[in-house]
Amino acid sequence: MTMFTLADLETIVAARARSDDPTSYTAKLAARGLSKAAQKLGEEGVETVIAALTEDDAALTGEAADLLYHLLVVLHLRGLPLSSVMDELQRRTAQTGLQEKASRPQAAS
């Protein structure tokens, strides 16, 4: 069996977001725009945290899947490919986490 990847999901999200299939949740979410998709991403983030702290592994797995899906919808709507995120993760893993964090520009106070 072939492993399903985030790249596979990215392809599916892109195809469904462009479709006019009235039964596609992705098409409906994409049609509602970036603000709604970003709102859903935030909701799924909160639900993932709650599941991590209070629910079983199956619930956390489901919420993590929802979170990743909504993240890919938001990336698609922004025109940002998953490969850009993966490149950034690769860049960050070339050094320790504390070194990477210290190298980030400091936010204005």
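General observations
- For the residues Y69, Y25, a 1.4 Å probe over the protein chains yields an accessible-area ranking, largest first, of Y25, Y69.
- The long axis of helix 82-92 is offset from the longest Cα principal axis of the chain by roughly 10 degrees.
- A Förster radius of 22 Å, combined with the Cβ-Cβ distance separating M86 from A38, puts the computed FRET efficiency at roughly 0.60.
- Angle of helix 6-18 to the longest C-alpha principal axis of the chain, folded into 0 to 90 degrees and rounded to 10: 40°.
- Accessible surface of the chain [probe 1.4 Å, protein heavy atoms]: carbon and sulfur percent: 60
- Using a Förster distance of 35 Å, the FRET efficiency for R104-M1 (Cβ separation, nearest 0.05): 0.30
- Charge dipole of the chain about the Cα centre (unit charges at C-beta), most positive-ward option of A52, G42, A31: A31
- Those GluC sites (Glu not before Pro) in segment 1-97 that DSSP places in a loop and that have at most 16 other beta carbons within 10 Å: E55
- Comparing L67, L53, L41 in a Gaussian network model of the chain where C-alpha atoms under 10 Å apart are linked, the largest mean-square fluctuation is found at L53.
- Normalised per residue, the accessible area of the chain is 72 Å², obtained with a 1.4 Å probe and no contribution from ligands, DNA or RNA.
The values are calculated or read from the model by the stated rules, or taken from the named source; none is laboratory data. This one's a predicted model, so the numbers in the text were calculated from it and none came from an experiment. A quick note on method: Cβ atoms are made from the backbone with ideal geometry, for glycine too, and the neighbour counts reach across all protein chains shown. Please note that ligands, DNA and RNA were not included when accessible areas were found on the heavy atoms of the full protein model with its side chains. Shrake-Rupley method; radii C 1.70, N 1.55, O 1.52, S 1.80 Å.
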